[in-house]
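Next up is a structure, given as structure tokens.
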Amino acid sequence: MIRFEHVTKKYRGTNKPALSDVDFEVQRGEFVFLVGASGSGKSSCLRLILREDSPSEGRVVVLGRDLHTLSTRKVPYFRRHIGSVFQDFRLLPNKTVFQNVAFTLQVIGASRAFIQQAVPEVLVLVGLDGKQKRFPHELSGGEQQRVAIARALVNRPQILLADEPTGNLDPATSIDIMQLLARINESGTTVVMATHEAGFVDQMKRRVIELRGGVMVRDDRHGGYGDRSSLPSLAPQQEKGAAAAAALTAVLELQREIAASPVEPVPAMEEAVTDAVAASAVAAAVATAPEIPPVTAQVPIVELDGLHLDDLGVAERLGLASDEDEVGPTS
Ligand SMILES: Nc1ncnc2c1ncn2[C@@H]1O[C@H](COP(=O)(O)OP(=O)(O)OP(=O)(O)O)[C@@H](O)[C@H]1O
Ligand SMILES: [Mg+2]
């Protein structure tokens, strides 16, 4: 799903490469920690995966695409398969929670009906049900990061990249966010997370790739930094919203399968799938977990015209500027 083949990255004007001969492969559904001291090359790796930068030597292959041969105009379409979360959240300050999440779908031309369905669902998934109308400054740091995660997920990415997502959060809130990321991974999304937080890495017992001065010094399938005994559990919890998460996952999986054989324009496909599948998937999930109330929020959609598409480069990232459709296989 993600392959680095002897990747070296040298930034212009620097003597020492930021990455030297880095070679690894991440399989579909894995959760991988990218660890290392400040300046060791973690963010550089994530930027290469997103094709925000290119290697000086070697090859990066993501979702079956050799990023060196991916034309610039196809990059925004490629990036639709990858969600990103950052330390500083990067929310639009003048938009509500709902609008921040809906924005991603609006710029790719999703139907109003689909947005009305998908946004509340993903907000339930990240534990923000009932906060749709809040603005970012009315939320805690942890809640803001949940909005950013919802925004990254609503476009149904196959890969979620997180660059120090808990870097600005207190320890308890960081644990909540880690549990959320673990749950997202459990539902099938490949997660690559750069972090300094040794405690999480120890506790999660997931694969650890360690960089030191741009060199990959460790690739440990069940890695950790050290003693785990005093750490709180970070296993994904069965919590409120689990049924909704299961329902959403079922819908998204089917949509992905249909999207892999592009016979219809995306908005029409989304509406059809939403109508045909969401009801049964949600009903099934609710039937197995009757304590979860159905999503009833009716939040007005903000028209695209009122949004500043240049904000945060989202339009460019999602390919709004062009009417070209999806490209190539996605795995
Ligand atoms: N655009 C750039 N131009 C020149 N050098 C850069 C650039 N971006 C990063 N570097 C250098 O590349 C090296 C790796 O940086 P990178 O940001 O990947 O590290 P990191 O592991 O993410 O660090 P941190 O934990 O502080 O975020 C550093 O020495 C950094 O100074
Ligand atoms: Mg970094």
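The values are calculated or read from the model by the stated rules, or taken from the named source; none is laboratory data. This structure is a prediction, so every number in the text was calculated from the model and none was measured. Every residue, glycine as well, gets a Cβ built from its backbone with ideal geometry; the counts of neighbours run over all protein chains shown.
For Phe86, work out the one condition from (1) under 20 Å from Val107 (Cβ atoms); (2) hydrophobic (A, V, I, L, M, F, W, C); (3) buried (at least 22 other Cβ atoms within 10 Å of the Cβ); (4) within 16 Å of ligand 2 (Cβ to nearest atom) it doesn't fulfil.
Exception for Phe86: condition (3).
Six or more apart or on different chains, Cβ atoms under 6 Å: show the pairs whose first residue is in the range 23-41 and at pLDDT 95 or above and whose second is aromatic (Phe, Trp, Tyr).
What qualifies is Asp23/Phe4; Phe24/Phe4.
Which count do you get for residues in the range 151-197 that are of a type outside the set (Ser, Thr, Tyr) and assigned to a strand (DSSP E or B)?
At the first step, the residues of the range 151-197 found to be of a type outside the set (Ser, Thr, Tyr) are 151-165, 167-172, 175-186, 188, 191-194, 196-197.
If we keep only those that are assigned to a strand (DSSP E or B) too, we end up with 159-163, 191-194.
The total comes to 9.
Which condition number does Ala172 fail, the rest of (1) at pLDDT below 90; (2) surrounded by 21 or more Cβ atoms within 10 Å (Cβ to Cβ); (3) farther than 20 Å from Leu123 by Cβ being met?
Every listed condition holds for Ala172 apart from (2).
To continue, here is another question. Being more than 20 Å from the chain's Cα centre (by Cα), crowded, with 22+ Cβ neighbours inside 10 Å and among the β-branched types (Val, Ile, Thr): is that true of Val97 here?
It is false that Val97 is more than 20 Å from the chain's Cα centre (by Cα), crowded, with 22+ Cβ neighbours inside 10 Å and among the β-branched types (Val, Ile, Thr).
Of the numbered conditions (1) at pLDDT below 90; (2) in contact with a strand residue (DSSP E or B) (Cβ under 9 Å, 6 or more places away or on another chain); (3) more than 16 Å from ligand 1 (Cβ to nearest atom); (4) charged (D, E, K, R), Arg207 satisfies every one except a single condition; which is it?
Unmet for Arg207, out of (1) at pLDDT below 90; (2) in contact with a strand residue (DSSP E or B) (Cβ under 9 Å, 6 or more places away or on another chain); (3) more than 16 Å from ligand 1 (Cβ to nearest atom); (4) charged (D, E, K, R): (1).
Additional query: Out of (1) at pLDDT below 95; (2) among the polar types (S, T, N, Q); (3) near ligand 1 (Cβ under 9 Å from one of its atoms), what's the single condition that is false for Ser44?
(1)
Conditions: (1) within 13 Å of ligand 2 (Cβ to nearest atom); (2) free of Cβ contacts under 8 Å to residues at least 60 places away in the same chain; (3) touching a helix residue (DSSP H, G or I) at 6+ places or on another chain (Cβ under 9 Å). Leu48 meets all but one. Number of the miss?
Failing condition for Leu48: (3).
If you don't mind, there's one more thing I want to ask. Within the range 2-10, does at least one residue satisfy the condition of being aliphatic (A, V, I, L, M) and within 20 Å of Gly188 (Cα to Cα)?
yes
Just a yes or no: is a residue in the range 22-30 of a type in the set (A, V, I, L, M, F, W, C), within 12 Å of ligand 1 (Cβ to nearest atom), over 22 Å from Met204 (Cα atoms) and buried (at least 18 other Cβ atoms within 10 Å of the Cβ)?
Checked against the condition, which is being of a type in the set (A, V, I, L, M, F, W, C), within 12 Å of ligand 1 (Cβ to nearest atom), over 22 Å from Met204 (Cα atoms) and buried (at least 18 other Cβ atoms within 10 Å of the Cβ), the range 22-30 yields at least one hit.
Same structure again: Here are some residues: Phe4, Phe114. Which one is in contact (Cβ under 8 Å) with a residue 12 or more places away in the chain and in a strand (DSSP E or B)?
Phe4
Might you check whether a residue that is within 16 Å of ligand 1 (Cβ to nearest atom) and β-branched (Val, Ile, Thr) occurs anywhere in the range 100-112? Steps first, please.
Kept after step one, since they are within 16 Å of ligand 1 (Cβ to nearest atom), are these residues of the range 100-112: none.
Within the range 100-112, not a single residue is within 16 Å of ligand 1 (Cβ to nearest atom) and β-branched (Val, Ile, Thr).
In the range 47-65, which residue that is over 26 Å from Ile184 (Cα atoms) and surrounded by fewer than 19 Cβ atoms within 10 Å (Cβ to Cβ) is nearest to ligand 1 (Cβ to nearest atom)? Don't jump to the end; show me each part of the working.
From the range 47-65, those over 26 Å from Ile184 (Cα atoms) are 53-59; that's our starting set.
In the following step, the residues that additionally are surrounded by fewer than 19 Cβ atoms within 10 Å (Cβ to Cβ) were identified as 53-54, 56-59.
On the way: Asp53: 8, Ser54: 12, Ser56: 12, Glu57: 15, Gly58: 16, Arg59: 19 Å.
Here the residue is Asp53.
Taking the range 165-194, which residues are touching a Lys or Arg at 6+ places or on another chain (Cβ under 8 Å) and within 16 Å of ligand 1 (Cβ to nearest atom)?
Selection gives Ala194 alone.
Can you name the number of the only condition in (1) at pLDDT 95 or above; (2) within 25 Å of Val147 (Cβ to Cβ) that Gly58 fails?
Here Gly58 meets the rest and fails (2).
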